[in-house]
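**Q** The structure that follows is given in the form of structure tokens.
Every number here is computed from the coordinates shown, using simple stated rules; none is lab data. Treat the numbers as computed from the prediction; the structure is a model and nothing was measured. Cβ: placed from backbone, ideal geometry, glycine included. Neighbour counts: every protein chain shown.
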Protein chains: 2
Amino acid sequence: MEMQQAKEKFISTWGSLGTLWGINKAMAQIQALLFVSTKPLSTEEIMEELKISRGNTSMNVRQLIDWGIVSKELVPGERREYFSTEKDVQELARIIAQERSRREIQPVIKTLEEVSSIKDDGTAATKEFIKQTKALHDLAHTADSMLGKLVNQKQNWLTKSLFKFIK
Amino acid sequence: MEMQQAKEKFISTWGSLGTLWGINKAMAQIQALLFVSTKPLSTEEIMEELKISRGNTSMNVRQLIDWGIVSKELVPGERREYFSTEKDVQELARIIAQERSRREIQPVIKTLEEVSSIKDDGTAATKEFIKQTKALHDLAHTADSMLGKLVNQKQNWLTKSLFKFIK
DNA sequence: TTAAACTTTCAAAAATTATTGAAAGTTATT
DNA sequence: AATAACTTTCAATAATTTTTGAAAGTTTAA
């Protein structure tokens, strides 16, 4: 495979994987592009490479910044803004896990807590509802704490935890 | 909060959470409905409760069966089919993790392996590309193996691994 | 202060994804 | 074999999400 072809394949695969970590295609592709770039890129260059509009580029870059995985680079003497992404995969994974937890998992845990706390009126239906939503709440809470622990270990968290697990 | 209200809130929250585990709203809602039901439900009952069409119900139930989290229950002497979902949250989580890995993560790992194996032509761009995609491949591979290990522990896998980790 | 170089916003359009409902298919019963 | 009771399929439609592009906004420099 040629470099150009490999690059396109990588960007497109990473883009379609966006759903896995809850972001849209363009956002994931911009991140992918920056991730394999040797230097920060301008809006113009991103538009050009990915064949997307200025508006789309602007909005998605802003979102990536909001997620904390892309930052502005100011080149002295240059007017335009350049962007680069976190290059360390472990750090990247940490940030993504942390953000997904905060944005999606935690609100759901709150809802589960709420609905599992309704008054038990003694009917089988209510008993089942409380039992099952409580179980889900416990699981979600446990999984989220685990993620939290992992995520707070800056260095080699994944490898370390895998090692501990296998042991 | 009243039972009916709590149930609706639970089903709707679980439905919107569908994206988190990569399935659509109706599919997640059907699963949620079955999850808190005291008995298996027929297509008719699902349609009624969720206000969705017969076709939609049929297709999504079939997909849930395909995922391995819903099964047909045959009631003796009855013509119609009844459906129920896996009621154990840990088992449910295991199945979901396993399926997502198989359907989405593993194909991506394969692509990462492929694109990171291109010939190094000595340019900085190619070197960076290989380095970064290799790092991503390693991370994805490690994370997926970890998931695999967890997922193969039938009993209390999450709690166990959390315990080990904290230790 | 004005103009140039850039970024952001957002309503409209396009693309994608989900849903419907009726027809076709299947299975069990008489 | 015919009918009834169900399930599945799929083309059409609806809903949702993404993308565009041009106008508005901002910043820097002359």
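**Q** Put a label point 7 Å from Cα along the Cβ direction on B:Lys134, then list its distances to the equivalent points in the other copies in nm, shortest first.
**A** The projected label point of B:Lys134 is separated from its counterparts by 5.3 nm.
**Q** A further question follows. Whole angstrom only: what separates the Cα centroid of the range B:1-57 from the Cα centroid of the range A:10-77?
**A** The two parts, judged by their Cα centres, are 36 Å apart.
**Q** Let me ask something else. How far apart, in nm, are the 7 Å Cα→Cβ label points at A:Thr123 and A:Ser12?
**A** Once both label points are built, they end up 5.4 nm from each other.
**Q** Taking the Cα centre of the range A:15-131 as origin, work out the dipole magnitude from +1 charges on Lys and Arg Cβ and -1 charges on Asp and Glu Cβ, in debye rounded to 20.
**A** Computed charge dipole of the range A:15-131: roughly 100 debye.
**Q** Between A:Tyr82 and residues 5 or more places away or on another chain, which pairs have amide H atoms under 5 Å apart, with H built 1.01 Å from N, and which residues are they?
**A** A:Glu73, A:Val75
**Q** Any chance you could tell me what percent of the C-alpha pair distances in the range A:3-85 go past 15 Å?
**A** 54
**Q** Another question, if that's okay. Suppose every K and R has +1 on its Cβ and every D and E has -1 on its Cβ; what is the size of the dipole of the protein assembly as shown about the Cα centre, in Debye to the nearest 20?
**A** 760
**Q** Another question, then. I need the calculated FRET efficiency for the pair B:Ser58 and A:Met1, taking r as the beta carbon distance and R₀ as 45 Å, to the nearest 0.05.
**A** 0.60
**Q** Could you list log10 I(q)/I(0) for chain A at q = 0.10, 0.14, 0.20 Å⁻¹, which the Debye formula gives when each Cα is one point scatterer?
**A** The calculated log intensity ratios at q = 0.10, 0.14, 0.20 Å⁻¹ are -0.54, -0.85, -1.25.
**Q** Estimate the FRET efficiency between B:Leu74 and B:Glu104 by the formula 1/(1 + (r/R0)^6), using the beta-carbon distance for r and 30 Å for R0, to the nearest 0.05.
**A** 0.35
**Q** Place a point 7 Å from Cα of B:Thr38 in the direction of its Cβ. Which residues in the range A:96-139 have their backbone N less than 19 Å from it?
**A** So the set is A:116-135.
**Q** Nearest 10 degrees, 0 to 90: what angle lies between the long axis of helix B:106-115 and the longest principal axis of chain B (Cα atoms)?
**A** Value to nearest ten degrees: 20.
**Q** How well do other chains shield peptide B:138-147, expressed as the mean number of their Cβ atoms within 10 Å of each residue Cβ?
**A** 4
**Q** Within 15 Å, Cβ to Cβ, of B:Ile11, how many net charges do the neighbouring residues add up to if Lys/Arg are +1 and Asp/Glu are -1?
**A** -3
**Q** Near B:Gln106, within a Cβ-to-Cβ distance under 10 Å, what is the net charge of the other residues, with Lys and Arg +1 and Asp and Glu -1?
**A** +2
**Q** Now for a different question. Quick check of the Kirkwood formula: for the protein assembly as shown, what is the inverse mean of 1/r over all pairs of different Cα atoms, in Å?
**A** Final number for the Kirkwood radius of the protein assembly as shown is 22.2 Å.
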